[in-house]
């Protein structure tokens, strides 16, 4: 190989190595993971005990200047945005604690902005980023209300996000607040989540019925086969998911 070609090859190789080193394989969610393990039990949050926790502030600071677009996979990015949403919900609740409902804070979801990934974003905007890769992210996003899918006691990561979201979807469909089955009237009452996010779910699964059949319990699947069944939506439970 000629000297000139060798030099060009070495420069190109160094460039590839530099790009790879600059591109983090995963975001470190360990601070948030420890918080969830300590303060979350059965989907309920001990807000009073968590108040003024320095680890939560440190985690939010890491999120504020992160570069999720440089993460190594779509799963890593999905985990990043779900954790960011959930951590910011907790922080916003704590900033106004005690309160009865997230909706008691004006602009909780659509007006108040938070610095994430170098941008000032509302929770609604963060939610849209979380569901870009998969609508199952709706079953990982926890809005601080009891009607939401319950908050887990472990943080999402690129390695576990797919399996955890599927697990969460199945758990949400196993009973209230996700699904209530009335055999006598042949009515399946669904959480309002399925009305709000119908477009996202139908885009991937074809219909809400297909989604229910794929992730529902055996009882729900059998009910879907009953002639003349009807669907209704349960009133959303906006009470704070406070452990106390």
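Bear in mind these aren't lab numbers, they're just calculated from the coordinates by the rules spelled out. All values reported here derive from a predicted model rather than from experimental measurement. Cβ sites come from the backbone with ideal geometry, for glycine too, and all protein chains shown count toward neighbours.
Numerical summary
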{"read-out": "FRET efficiency for residue 105 and residue 166, using Cβ-Cβ distance with R0 set to 30 Å, rounded to 0.05", "value": "0.45"}
{"read-out": "Protection proxy ranking, peptides 30-42, 201-213, 156-168, 128-140, average beta carbon neighbours within 10 Å, highest first", "value": "128-140, 156-168, 30-42, 201-213"}
{"read-out": "Of all DSSP beta bridges in the chain, antiparallel share, percent nearest 5", "value": "65"}
{"read-out": "Residue 96 versus residue 30: modelled label distance in nm, points set 7 Å from Cα along the beta carbon direction", "value": "3.4"}
{"read-out": "Residue-averaged 222 nm ellipticity for the chain, from DSSP H runs of 4+ at -39500 (n - 2.57), nearest 500", "value": "-14000 deg cm²/dmol"}
{"read-out": "Angle between the chain longest axis and helix 74-95 axis [Cα atoms, degrees, rounded to 10]", "value": "60"}
{"read-out": "Gyration tensor (alpha-carbon) shape descriptor, the stretch 26-171, a/c threshold 1.5", "value": "rounded"}
{"read-out": "Rounded to 5, percent antiparallel among DSSP beta bridges of the stretch 173-235", "value": "50"}
{"read-out": "Cα-based Rg / Dmax (Å) for the stretch 173-235", "value": "10.9, 32"}
{"read-out": "Shape of the chain, Cα gyration tensor, a/c cut at 1.5", "value": "oblate"}
{"read-out": "Length released on extending from residue 202 to residue 222, taking residue separation times 0.36 nm less the Cα-Cα span", "value": "5.1 nm"}
{"read-out": "Degrees between helix 161-172 axis and first principal axis of the chain (Cα, 0 to 90, nearest 10)", "value": "10"}
{"read-out": "Length-normalised contact order for the chain - Cα pairs under 8 Å, 6+ apart - percent", "value": "23"}
{"read-out": "Shape category assigned to the stretch 111-244 from the gyration tensor of Cα positions, a/c cut at 1.5", "value": "prolate"}
{"read-out": "Cα long-axis angle, helix 54-64 against the chain (0 to 90 degrees, to the nearest 10)", "value": "70"}
